[in-house]
1. Determine which member of the set LYS392, LYS432 is surrounded by fewer than 17 Cβ atoms within 10 Å (Cβ to Cβ) and of a type in the set (D, E, K, R).
2. Looking at segment 383-471, what helices (runs of 4 or more DSSP H) fall wholly within it and have at least 2 residues that are under 27 Å from SER308 (Cα atoms)?
3. Quick check on my filter: what residues within segment 323-339 are free of Cβ contacts under 8 Å to residues at least 60 places away in the same chain and of a type outside the set (D, E, K, R)?
4. Residues in segment 420-428: is at least one hydrophobic (A, V, I, L, M, F, W, C), modelled with pLDDT of 95 or more and either more than 18 Å from HIS116 (Cα to Cα) or surrounded by fewer than 19 Cβ atoms within 10 Å (Cβ to Cβ) (or both)?
5. Return the only residue of LYS269, LYS286 being modelled with pLDDT of 95 or more, over 29 Å from TYR119 (Cβ atoms) and basic (Lys, Arg).
6. Taking into account only those residues within segment 16-33 that are touching a Leu at 6+ places or on another chain (Cβ under 9 Å) and buried (at least 20 other Cβ atoms within 10 Å of the Cβ), which is modelled with the lowest pLDDT?
7. Looking at segment 162-210 only, could you name the residues that are among the β-branched types (Val, Ile, Thr) and touching an Asp or Glu at 6+ places or on another chain (Cβ under 8 Å)?
8. Taking the condition among the basic types (Lys, Arg), in the same structural domain as GLU238 (by TED's automatic domain parsing) and closer than 16 Å to CYS212 by Cα, does LYS296 pass?
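The values are calculated or read from the model by the stated rules, or taken from the named source; none is laboratory data. In this text the structure is predicted, and so the values were computed from the model without any measurement. Quick reminder, even Gly has a Cβ in these numbers, built from the backbone with ideal geometry, and neighbours come from all protein chains shown.
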Amino acid sequence: MEANKPSLFRIIVPAFPGINVFTRQAKATTALGPIMVAAAANKSLGLGWRVEVVDENNYRGPRDNDMLPDHAVLQKSDPAKIVGFYCGLTSTIERVWDLAKFYKEQGVSVIAGGWHAHYRPEETLEHNIDVVVHGDAELIIGQLVESLARKESLENVSGISFRQDREVKRNAPFMLKNENLDSFPYPDFGLLRFAKVRIYPIGRIRGCGENCEFCSVKGKPRYASGKHLYDTVRWLVETRGARRFFIVDDRLEQDLRGTIDFFQRIYNKYGNRLCFTVQIRLGVVKNVALLDAMKKAGVRHVCVGFESPIDEDLKAMRKGYLSLHMIEWTKVLRRYFWIHGMFIAAYPLKGQQSSLRPEEIVRRFRRFIRRARLDSIQVLLPVPLVGTDLRKRLGERVFPLNLVPWRMYDGTYLCFRPDSMSVEESQWIGIKLMGSFYRRISLVRIGIRTIIFPLDFLIRGWSKWHHSWRRDIVNYYGYLLVRKRLRKKRDRDFIGILEQ
């Protein structure tokens with residue numbers, strides 16, 4: 001290392017284990033959590049430190065023979081002294097373990113944070129990780145990095161797990177929580193290396209007030225003010241020329257007053273010149289003031305967790321509503337936004353076998369999706385993630401990790417023994433549903449819409465023509481993704497192993 005060169009703290013977002021429904025979007029954005037932690041570290045560490053983030057899913061640097069980021073080259077050209085890993089996605093945890101082994105062999109101290117590491121600290125510490133951070137790492141990341149660099153005792157660092165005398169030590173408080181989220185710095189995307197960000201993730205709400213059985217996000221929601229999020233957007237527009245944003249909050253409507261205040265501030269400053277994508281709960285349609293504020297401020301796309309059109313599924317999931325008004329609510333949303341529907345197919349019911357056969361489940365899903373006239377969809381299988389009540393309920397029905405490892409916990413693989421259908425039926429039901437939505441005929445429609453554009457523009461206007469044209473573009477991309485998945489030999493081998 002060059003004399004007097006500041007030490008490097010590198011945060012790594014691990015690569016997805018394979019192509020999935022998030023791959024294309026990931027190349028245009030990044031995870032917000034690591035950026036926030038990096039910004040806090042950059043602010044709290046002294047002049048003797050530099051901070052960077054490497055997102056393997058949005059990466060344009062040197063690669064190894066597997067076309068993954070080449071950390072040997074990175075470490076040789078700019079060696080990190082401390083490395084932190086984002087462990088928010090269970091499906092990427094094995095990649096974290098591989099990289100942690102490499103960095104430990106280089107003499108680097110390794111930190112992990114995120115939901116998987118939080119719920120499985122013992123497992124995480126067994127795989128070359130020195131410290132697991134629980135909760136809001138921004139609060140202690142500077143102190144932790146300096147303590148590791150100086151090889152000091154970690155006894156005074158709050159909210160962490162680490163090994164001490166062969167035992168796992170947990171420092172109180174076990175879960176770090178900052179009740180004043182306005183005190184956190186703005187996300188500094190200038191710390192992201194080898195990447196190009198076109199969609200900027202932002203957020204102001206942590207935690208979730210609901211109690212869905214399949215979700216690992218727990219705890220009373222905490223909010224930054226609407227003004228703080230507005231100031232974040234304004235700063236990103238002025239310093240990075242940002243125009244497209246994804247609000248990562250699981251449920252945008254949890255703090256209605258702050259959310260409406262944010263969108264009103266955006267509208268007063270920018271009109272609808274910016275573009276926002278948000279995640280909302282379907283019942284939000286009851287609040288017309290919120291929908292109007294979102295529309296005026298430039299919200300173009302909403303991601304809605306429909307989960308299922310089947311009441312038995314919704315009850316087991318603890319969604320808090322039934323299917324009676326779902327079509328009606330969706331029609332209201334469709335007047336305002338592009339709707340991306342998110343579903344979970346073949347959900348395991350409680351204490352009984354489903355009375356519905358697979359063909360009936362498929363029929364109901366297809367009928368709902370057709371009537372709702374959704375613009376795009378994703379259909380995943382139930383995933384018994386760590387820390388969820390679903391995993392606890394399924395118990396021994398969850399396949400062991402030597403059969404279904406963590407890398408398959410991405411919603412495209414069957415992770416537990418089904419009760420009312422075969423393994424093959426369960427494995428393919430999500431792909432089957434998406435295959436009936438994303439179809440090759442959309443390529444023909446793209447050509448037709450392009451040819452008739454002048455006439456369609458005069459009759460319906462630019463907005464409606466562009467919406468239909470873009471929907472066909474997305475539809476054809478989805479068709480190619482589904483087709484590629486159906487051709488994967490690994491999936492067929494996987495089904496054969498489970499059936500045995």
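1. Only one candidate passes the filter, namely LYS392.
2. Values: elements: 389-394, 423-437, 441-451, 453-460.
Passing ranges, in order: 389-394, 423-437, 441-451.
3. Answer for segment 323-339, where residues must be free of Cβ contacts under 8 Å to residues at least 60 places away in the same chain and of a type outside the set (D, E, K, R): SER323, LEU324, HIS325, MET326, ILE327, TRP329, THR330, VAL332, LEU333, TYR336, PHE337, ILE339.
4. Taking segment 420-428 first, the residues hydrophobic (A, V, I, L, M, F, W, C) are 421, 423, 428.
Adding the requirement that they be modelled with pLDDT of 95 or more leaves none.
Looking for residues that are hydrophobic (A, V, I, L, M, F, W, C), modelled with pLDDT of 95 or more and either more than 18 Å from HIS116 (Cα to Cα) or surrounded by fewer than 19 Cβ atoms within 10 Å (Cβ to Cβ) (or both), one finds none in segment 420-428, hence no.
5. Being modelled with pLDDT of 95 or more, over 29 Å from TYR119 (Cβ atoms) and basic (Lys, Arg) holds for just one of LYS269, LYS286, which is LYS269.
6. Once the filter is applied, the top-ranked residue is VAL21.
7. The first filter runs over segment 162-210 and keeps only residues among the β-branched types (Val, Ile, Thr), leaving 168, 197, 199, 202, 205.
Once the filter is applied, which keeps residues that are among the β-branched types (Val, Ile, Thr) and touching an Asp or Glu at 6+ places or on another chain (Cβ under 8 Å), segment 162-210 yields VAL168, ILE205.
8. Values: among the basic types (Lys, Arg): yes; in the same structural domain as GLU238 (by TED's automatic domain parsing): yes; closer than 16 Å to CYS212 by Cα: no.
Taking the combined requirement at face value, the residue does not satisfy it.
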